[in-house]
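Structure first, then comments.
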Amino acid sequence: MTFHDTISQNISRIQQRILAACQRSGRSPSEVQLIAVTKYAEVEWAQALINLDHRDFGESRPQQLSERSTKLSDNIRWHMIGHLQRNKVRPVLETGAMIHSVDSQRLLDRIELIAAELGITVSIFMEVNISGEESKYGFAPESVSQSVTRMSDYRHVKLLGLMTMAPHADDPEDARPYFRALRDLQQQMNQGLPAENQMQSLSMGMSGDFEVAIEEGATHIRIGSTLFEGLSSD
Ligand SMILES: *Cc1c(COP(=O)(O)O)cnc(C)c1O
């Protein structure tokens, strides 16, 4: 099989699994956006996905995001999903990416500042360290609402919702309580917000746990390894 065939088969299997998870939980597949995470993928693999009409791509490193956004066709929606240092905000915003990994007030302030300079509005997710693991970035669940309240003065960021990563586990069911906790936190925070500012999206679910994430309300799932299964980079 060529790498095109492998990728085509992988993505249709994933789409079937998304559909099944939506059916199980009474959701519409149109509510769930699949983001192809290409951080370990060759550019040719990303191009194969573009040829299959896939348009949402995620990168975790600013440098690679910038490089690829110039190399690949320009009607791609880029998603920055990894830790972002404040001195890398400008090049990332110049790619037009939305940012899933806003993990501190200082980063948020910087995004607002640079977006204002560029005259753009940036869609963001606030990353929450819902499991409290020391190795993870993100707002503590109890501190995120303070930042969201402050954000009502910001004119250049649009808050889509919360994002998290569940702890690594062999059994996807182990991720469910973390996804549920993120959804509950978002619902709770929405109660204090005016309707037009309420968060509508949840970025959660990766290769190992995306079906559980969909069942718990994910709108953006970020998938890398399963999408490129059976391929090896050189
Ligand atoms: C790498 C990465 C993913 C994709 O992980 P897979 O397990 O390869 O699907 C999703 N989200 C973030 C933040 C990542 O860094």
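The values are calculated or read from the model by the stated rules, or taken from the named source; none is laboratory data. What you see is a predicted model, and the numbers here were worked out from it, not measured in a lab. Note that each Cβ is placed from the backbone with ideal geometry, even for glycine, and that neighbours are counted across all protein chains shown. Calculation scope for accessible area: heavy atoms of the full protein, side chains included, ligands and nucleic acids excluded. Shrake-Rupley method; radii C 1.70, N 1.55, O 1.52, S 1.80 Å.
Some points to look at:
- Here Ala20 clears all of (1) more than 18 Å from Ile124 (Cα to Cα); (2) open to solvent by less than 50 Å² (accessible area, probe 1.4 Å); (3) assigned to a loop (DSSP other than H, G, I, E, B) except the condition numbered (3).
- Flag for Val122 being under 20 Å from Arg222 (Cα atoms), at pLDDT 95 or above, surrounded by 14 or more Cβ atoms within 10 Å (Cβ to Cβ) and among the aliphatic types (A, V, I, L, M): yes
- Ser225 being within 14 Å of the ligand (Cβ to nearest atom), surrounded by fewer than 20 Cβ atoms within 10 Å (Cβ to Cβ) and within 30 Å of Ala48 (Cα to Cα): yes
- Scanning the range 205-217 for residues that are surrounded by 24 or more Cβ atoms within 10 Å (Cβ to Cβ) and within 12 Å of the ligand (Cβ to nearest atom) yields Gly205, Asp209, Phe210, Ala213.
- In summary, Gly96 fulfils each of the numbered conditions (1) at positive phi; (2) touching a His at 6+ places or on another chain (Cβ under 9 Å) with the single exception of condition (2).
- You will find that of Ser60, Ser28, Ser73, Ser12, the residue that is away from the ligand (no atom under 16 Å from the Cβ), within 30 Å of Met151 (Cβ to Cβ) and of a type in the set (Gly, Ala, Ser) is Ser28 and no other.
- Residues in the range 97-114 that are assigned to a loop (DSSP other than H, G, I, E, B) and either open to solvent by 60 Å² or more (accessible area, probe 1.4 Å) or of a type in the set (Ser, Thr, Tyr) (or both): Ser104 only.
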